[in-house]
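What follows is a single structure, written as structure tokens, with notes after it.
Rule-based calculations on the coordinates, nothing more; no lab input. Given the structure is predicted, the values throughout are model-derived calculations rather than measurements. Glycine gets a Cβ as well: all are built from the backbone with ideal geometry, and neighbour counts include every protein chain shown.
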Amino acid sequence: MGENVTVLITEQEIKKRIAVIAAQISKDYAGEDVCLVCLLKGAVIFMCDLARALDLPSVEFDFMDVSSYSGTTSTGIIKINKDLSDSVEGKHVILVEDIVDTGLTISKVIEFLTHQQNPKSIKICTLLDKPARRDVNRFNIDYAGFVIPDEFVVGYGLDYEQRYRNLPYIGVLNFS
Ligand code: 5GP
């Protein structure tokens with residue numbers, strides 16, 4: 001069985017959109033320090049490009065790796081494979097995510113950070129928003145790169161079985 005990828009969002013479009021989001025974030029947090037919390041592994045490339053476009057006095061990085069299981073309950077649970085390296089207590093946190101699909105992962109991460117870490121604020125910045133399959137709506141997406149249809153996408157950090165993360169664009173994965 002083969003696979004192929006059709007381009008959905010080009011490298012240029014991603015670059016342009018990140019400049020717009022970064023300008024908005026720089027305006028919203030003007031004069032403030034922020035901590036970007038990257039959700040591994042899919043958001044790594046997005047966070048690197050976003051961070052370099054921010055104009056803020058101090059931009060810290062931290063990383064979390066979580067897996068979500070919908071299981072039998074509607075709320076689901078997440079497993080923390082890698083927690084933050086440092087406390088974000090009293091800090092402005094921006095959670096950087098590759099894609100919000102059902103919303104389970106991001107909602108659980110917010111719950112976890114809010115209860116365990118007491119940050120000054122938490123906002124969500126996702127490269128992609130796939131609203132068609134949204135299950136959990138207990139959060140607002142503060143910054144979104146692109147709203148996409150209900151397709152399985154790869155590239156620019158997103159994988160299929162750990163492959164395709166290095167594509168400079170975002171594409172739909174087709175199976176033939
Ligand atoms: P959620 O908890 O919002 O359903 O799922 C979020 C996670 O599911 C993302 O961080 C990502 O790892 C994975 N995911 C959801 N949709 C896609 C997709 O279209 N492509 C890829 N590569 N991963 C996806």
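In percent, how large is the relative contact order of segment 1-140, given Cα pairs closer than 8 Å and 6 or more residues apart?
On the way: 225 pairs, mean separation 30.6, N = 140.
Taking the mean separation of contacting Cα pairs over the length of segment 1-140, I get 22 percent.
Tell me, in nm to one decimal, what length is gained between Cys48 and Lys16 on full extension, where the rule is 0.36 nm per residue of separation less the Cα-Cα distance?
Full extension from Cys48 to Lys16 adds 10.0 nm.
Note the full-extension length gain between Asn118 and Glu151 as 0.36 nm times their separation in residues minus their Cα-Cα distance, in nm to one decimal.
Fully extending the segment from Asn118 to Glu151 adds 8.3 nm.
So which of Lys27/Lys130; Lys108/Lys130; Lys16/Lys123; Lys79/Lys123; Lys41/Lys82 end up more than 19 Å apart by C-alpha?
On the way: Lys27/Lys130 26 Å; Lys108/Lys130 17 Å; Lys16/Lys123 21 Å; Lys79/Lys123 21 Å; Lys41/Lys82 11 Å.
Violating the 19 Å Cα-Cα cut-off are Lys27/Lys130; Lys16/Lys123; Lys79/Lys123.
Of all GluC sites (Glu not before Pro) in segment 51-141, which ones are in loop regions per DSSP and have a Cβ with at most 14 other Cβ atoms within 10 Å? Could you put the intermediate results ahead of the total?
On the way: sites: Glu60, Glu89, Glu97, Glu111; in loops: Glu89.
Passing both the DSSP loop test and the Cβ count: Glu89.
Packing-wise, with mean Cβ within 10 Å as the measure, how do 99-109, 117-127 rank, highest first?
Answer by packing, highest mean first, reads 99-109, 117-127.
With a 10 Å Cβ neighbour count serving as the proxy for reagent exposure, in which order, fewest first, do Asp150, Asp83 appear?
Asp150, Asp83
Calculate, for Asp86 and Asn137, the FRET efficiency according to 1/(1 + (r/R0)^6) with r their C-beta to C-beta distance and R0 25 Å; round to the nearest 0.05.
With a Förster radius of 25 Å, E is 0.25.
Starting from the Cα coordinates of segment 113-169, work out the convex hull volume and express it per residue in Å³.
Here the figure is 136 Å³ per residue.
Place a label point 7 angstrom from the Cα of Ala23 along the Cα-to-Cβ direction, then list the residues of segment 105-143 whose backbone nitrogen is under 15 Å away.
The answer is none, because no backbone nitrogen lies closer than 15 Å to the label point.
Have a look at the DSSP beta bridges in segment 102-176 and tell me what percent are antiparallel, nearest 5.
Antiparallel bridges make up about 50 percent of those DSSP assigns within segment 102-176.
So which GluC sites (Glu not before Pro) in segment 1-37 are both in a DSSP loop and have at most 16 other Cβ atoms within 10 Å of their Cβ?
Taking segment 1-37 and a limit of 16 other Cβ atoms within 10 Å, the loop GluC sites (Glu not before Pro) found are Glu32.
Where q = 0.13, 0.19, 0.21, 0.30 Å⁻¹, what log10 of I(q)/I(0) comes from the Debye formula for segment 80-137, counting one point per Cα?
-0.34, -0.71, -0.84, -1.29
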